[in-house]
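The values are calculated or read from the model by the stated rules, or taken from the named source; none is laboratory data. On a predicted model such as this, the values are computed, not experimentally measured, just so you know. Reconstructed Cβ throughout: ideal geometry from the backbone, glycine too, with neighbour counts over all protein chains shown.
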Amino acid sequence: MSFLKKLQGIAKQDYNSYLEKAQANGQKIIGYFCSYIPEEIFHAAGFIPYRIRAVGSQGTSKGDIYFSSLNCTFVRHTFDKMLRGKFDFLDGIVFMNGCDHTRRLYDNWRYSEIAPDKYKYMFFAPHVISPSSEEKMADEIKLLIESLEKNFKVQISPATLKKSISLYNQKRDLLTKLYDLRKNKDIPLKGSEVLAIMLAVVILPVEITINFLQDILEEVKGRKVNKDNDLRIFLTSGCCEEVEHLELIEESGSIIVNDNICLGAKNFDTLVDESLDPIVALAQRYINHLSCPRMMNDVKGRLDNLYKIKEDYKIEAIIAEKLKFCDLWGGELFIYRQEAKKNKFPLLVLERELYGGATGQLKTRIQAFFEKVKNNQTIGDNFIRTSGDNYQFSSK
Amino acid sequence: MKEKSLKPFILLKVAINRLKLLYFFLFFPRLTYTLFYLFRPFYEPKENFLNRTFRYGILTFGGGLTPFKEMKAMQAGAKALFENMEEAIKAKKMNKPVAWVEWILNAEILEAFDIVSFNPELLNLFGNAKGIEYPPLVIAEAEKKGVPVETCSAVKCTVGSILLEQIPHPDIIIGASHPCDSSISIYQQLEYLTGSPTFSFDSPYWKDDASYKYFEKNTWDLIDFLEKNLNQRMDWDKLKEVLERTNKVNFYLQEICEMNRAIPCPGTMISLLYAWVIKEVCVRSPLAVPMAKGLYEVTKSRFDKGEGVVKKEKIRVLKWFPPIGFFTYLFKWMEHKFGAVVVADFIGHVSTIQMDTSSKKSMIRDLAKAQMHIAMARQCHGPVEFLTDELGKLIDDYSPDCVMFMGHNGCKHGWAALKIIQDFLKRKKMPTLYLNLDIMDKRHTNEEGIKKQITEFFVSHGWA
């Protein structure tokens, strides 16, 4: 079986043989939620960081007991999985104030007493990028370290932390190389395949991940998955973890060449500075990496990133998505809409539910969008189409 | 709704005119009270084209049910409000910078600069002065331009207000990461739309020393930001002056809250909410102190006599989550119709510290701490216990018969904690009405719908 296929298989599962083997050897697995939590700390403690995903969810019926229908489907699915015991193999969970929905996972987890004796921790990540927030992040990292040391009777020394940082930087470097491959005209990996890789590597030991990524980079050499007339797409969204959804986009006549999604580029953007004190370096990297709209003072940074990617990856159209009831991405898409009008780039805005189906509707909308982009490329028009029919901009 | 066009600043100007009119009338409080009372049948039942431009204002001031002494106390607040609004509209002519400050932040620090502070969310309430369909019109404008329907209307109104040129363009913006994601999101949109330099307070998760220190650091960062962007130096004497005023306002309001524990309850919640608005919008004004003192004296007089705000108190209500902007008359309506008194509320309840003004350091330290104790900032930024602990304490202290939970659509973290809150109230054996509404947008559940649900709730419990 190819390495890519292997990772695609792992992506679909909650548990895998690597975790099983590690646990058999006494290694602990700590669940976490967001790209603002430094994985290196868990690794330096001798644990495996495990990104909690909604993959394989059977629905939200149990999650809905605790969360309302006005909460996003990511938390409802993941909490449903928690209640069904899908994460029982974890030795603890580190929650985070990612957004109003996810921060209440910490409250509902404690309240529902799913696993009262299991290690739980609330990590505070600042909402702004500033020297003060970097300092605060460093303090929070220290608190997390102290908590892990106390609870699991382990030692996280600066030396082990440095080693972990180095390994995670290797992983980031390899993922950057993987993404860079898609700058070319001939693209060796589809966006849907990259998402599967990301879904897998966030639940694998980093050492295994590095091996896999090296192998995949070799494996895909000379491979070409795109057709010449496929549109080159930038996908931006909050939580987006359905490989099938990306396949749907790509099967409709496109190739996703870059992204800013929770499980995408922001996971490896910006290396940790190995020359600095490890805690300071981690704080700097995790505050300053490609931001999510939860960071209040970085609209410009995200837009600059968008235009750089657009240039570097020769993006022809942008698909921007949000999950229903996500205020953070709702605001981001408002800005995208204004920006698309101002700078005249084709934009499709979609609002959807995680594992919400509606593939027929989505397919129609995506196909219509692509058709129009391709037609307009011929006649030199620019336009925007949004999820509603609130406006459509067209000008020569 | 039929599309209407709005002249620039028209909603603000109407609000100013109505507040001025009221201010004038309140020089004759007995006469005003009598007129309000006598004309009740004309305006109280519902809004129509004849009473549209003054019904909301009169009802907010009690609709002839608020004793004239209390109304007189509100006079100073009305002046503080229209002075601030006028100053904001005229700021450009006066060559003064305008600073937008979000609802859940006090504007004290701006007193130390030569600047006009303005609360951009004002039209949620004061837009109703022209008729209660206007705030939804402003909200709809934001939605039309792509702001999601589910974003909290309280902040969405600001986007609509700037798009429709209803509020002055800011020279700087001060936002915060509390109380919710809607605020985080909208203030980024406002920065983008206006292009104005924006400072974002970052609210910590916990309420411990480290968190207070972080917020204090944020406050020092704000001073740097203001000095740099305004090219002015901080006037510490002025800050001291305003903080001392804030201390006095907080003292009086906290005393009212304490007295409201008495049975019968001597205070009406609308007065505390009105005071909260003045405090948030223009605590800088020296008029905030006489207003708070006046309200305190009225409540104290009733408290000393053992009188309640209603002659016969039948139901004591604890109202939880933000109040309804377009239906501020709710309190007086419940008092009048059912003898139901709101004894404590999410926003009107003042629970803060007295700030030490003896040094620069102590002022900033305590101002930061006080900011974290403003209503909504206090309860919404951390774990669910910040909600349930205060709720439980109010139930224990204020002897309510029931709770009314304002299930505001935009409040996602509230909905995510609803099961915990519901179970908590069950354990406290509190009959609870869970209203499903949008606090600023009557298109979701209107005044009639709210009245109907409350009436049914009281009837079903045998209280009415």
| note | Within region A:110-154, restricting to residues that are part of a helix (DSSP H, G or I) and β-branched (Val, Ile, Thr), the one that is nearest to the other protein chains (Cβ to nearest Cβ) is A:Ile141
| Does region A:43-54 include one or more residues that are within 9 Å of chain B (Cβ to nearest Cβ) and touching a residue at least 40 places away in the same chain (Cβ under 8 Å)? | no
| remark: Of the residues in region B:294-336 that are touching a residue at least 60 places away in the same chain (Cβ under 8 Å) and among the charged types (D, E, K, R), the one that is nearest to B:Ile139 (Cα to Cα) is B:Lys319
| request: State whether the residues of region B:418-440 include one that is over 17 Å from B:Ile132 (Cβ atoms), among the basic types (Lys, Arg) and within 11 Å of another protein chain (Cβ to nearest Cβ). | output: yes
| Single match in B:Ser211, B:Ser185 (criterion: crowded, with 24+ Cβ neighbours inside 10 Å, within 11 Å of chain A (Cβ to nearest Cβ) and more than 19 Å from the chain's Cα centre (by Cα)) | B:Ser185
| What tally of residues in region B:1-49 results from selecting those that are outside any helix (DSSP H, G or I) and surrounded by fewer than 16 Cβ atoms within 10 Å (Cβ to Cβ)? | 14
| request: Return yes when A:Gln170 is surrounded by fewer than 17 Cβ atoms within 10 Å (Cβ to Cβ), closer than 25 Å to A:Ser17 by Cα and in contact (Cβ under 8 Å) with a residue 12 or more places away in the chain and no when it is not. | output: no
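One line per residue, one yes/no per condition, for (1) within 24 Å of A:Val128 (Cα to Cα); (2) touching a strand residue (DSSP E or B) at 6+ places or on another chain (Cβ under 9 Å); (3) within 12 Å of chain B (Cβ to nearest Cβ):
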site	(1), (2), (3)
A:Cys72	yes, yes, yes
A:Val75	yes, no, yes
A:Thr78	no, no, no
A:Lys86	no, no, no
A:Phe89	no, yes, no
A:Val94	yes, yes, no
A:Asn97	yes, yes, yes
A:Arg104	yes, no, yes
A:Asn108	no, no, yes
| request: Exactly one condition in (1) more than 9 Å from chain A (Cβ to nearest Cβ); (2) surrounded by 21 or more Cβ atoms within 10 Å (Cβ to Cβ) is not met by B:Gln232; state its number. | output: (2)
| Output for region B:424-464, where each listed residue is within 23 Å of B:Thr388 (Cβ to Cβ) and under 20 Å from the mean Cα position of the chain (by Cα) | B:Leu435, B:Asn436, B:Leu437, B:Ile439
| message | Looking only at region A:177-198, how many residues end up being farther than 22 Å from A:Ile41 by Cβ and assigned to a helix (DSSP H, G or I)? | response | 14
| Which residues, taken from region A:296-335, are within 24 Å of B:Asp181 (Cα to Cα), more than 9 Å from chain B (Cβ to nearest Cβ), touching a Lys or Arg at 6+ places or on another chain (Cβ under 9 Å) and of a type in the set (Gly, Ala, Ser)? | A:Ala320
| message | Name the residue that is modelled with the highest pLDDT, counting only residues in region B:254-289 that are of a type in the set (Val, Ile, Thr) and over 20 Å from B:Leu65 (Cβ atoms). | response | B:Ile263
| So B:Val149, is it within 14 Å of chain A (Cβ to nearest Cβ), among the β-branched types (Val, Ile, Thr) and surrounded by 24 or more Cβ atoms within 10 Å (Cβ to Cβ) | no
